[in-house]
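J.: Structure provided below as structure tokens; questions to follow.
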């Protein structure tokens, strides 16, 4: 019961990242790059405290992928609804990790390939003109870049012996990277926008990731993957209740196809009798 409650709390935190970003950037309370920079600084400080000021060894490549995720995520929410953005992110991350597994020569069960294909078909339908889900292609491409970044970051960090300390180190190294990327953009924000960015970085990202590491051993890899299917659903509901966003019927159907495909892709392969 305790694991279930903590897992639900983590999923709320992950969905809140989309809601906070959309509420801050979409309303014009802060520029996207300012949000990303404040978020990564707040996250780095929180994770450093959680790691007891003993971060792991810095690694340039994972920090680069993390920076791509943070930048693309913020820029996408200039226009995307919170739920639609979460769907694109989630489908893109799963596709990236599936492709990474195939490139590494890992055995990929047929049902996982079918599920990945269904998820990508649903994503294509979501982006298709006429669904009313994506106002322009650019925000969707930024979120796709964020998905690529997070997927590659996840692949790079799968073998970390101390994931919390490694994440603390990667966030710290991502601060100057995001700051450098932010130079060509405006760094303006109201008190409200900065507060939302600090909340996203320090609480829903920093504390959320730390809590996720704590509950994952009790879930197992398969259940941990499946339970994340709730994040886009929570983001859609939160966007409707908190931000007044109403997904179109086409977006809802395409989103359902994405979730169904991802569910099939991450579901454990059936065990053959006698094996």
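Read-outs throughout are calculated quantities, based only on the coordinates presented, and are distinct from any laboratory measurement. All figures in this text were calculated on a predicted structure; none of them were measured in a lab. Heads up, the Cβs are rebuilt from the backbone with ideal geometry, glycines too, and the neighbour counts pull from every protein chain shown.
J.: Taking a ≥ b ≥ c as the square roots of the eigenvalues of the Cα gyration tensor of segment 1-85, is the shape rounded (a/c under 1.5), prolate (a/b larger than b/c) or oblate?
T.: Oblate, because a/c is 1.5 or more while a/b does not exceed b/c.
J.: Here's something else I'd like to know. Using R₀ = 30 Å, calculate the FRET efficiency as 1/(1 + (r/R₀)^6) where r is the Cβ-Cβ separation of residue 162 and residue 260; round to 0.05.
T.: Efficiency, from the Cβ-Cβ distance: 0.25.
J.: For 31, 107, what ranking results if the residue with the fewest other Cβ atoms within 10 Å of its Cβ goes first?
T.: 107, 31
J.: What is the spin-label model distance, in nm, from residue 249 to residue 106 if the labels are put 7 Å beyond Cα along the C-beta direction?
T.: 4.0
J.: Could you calculate the FRET efficiency of residue 179 with residue 27 from 1/(1 + (r/R0)^6), where r is the beta carbon distance between them and R0 is 22 Å, rounded to 0.05?
T.: So the FRET efficiency works out to roughly 0.40.
J.: Return the FRET efficiency for the residue pair residue 240, residue 60: r is the Cβ-Cβ distance, R0 is 25 Å, and the value is rounded to the nearest 0.05.
T.: Result of the calculation: an efficiency of 0.05.
J.: Continuing with this model, one more query. Just the ratio, please: alpha-carbon radius of gyration of segment 2-266 over 2.2 N^0.38 Å, N its number of residues.
T.: Working it through for segment 2-266, the quotient is 0.94.
J.: With the contact rule set at Cα under 8 Å and sequence spacing of 6 or more, what percent relative contact order holds for segment 2-266?
T.: 43
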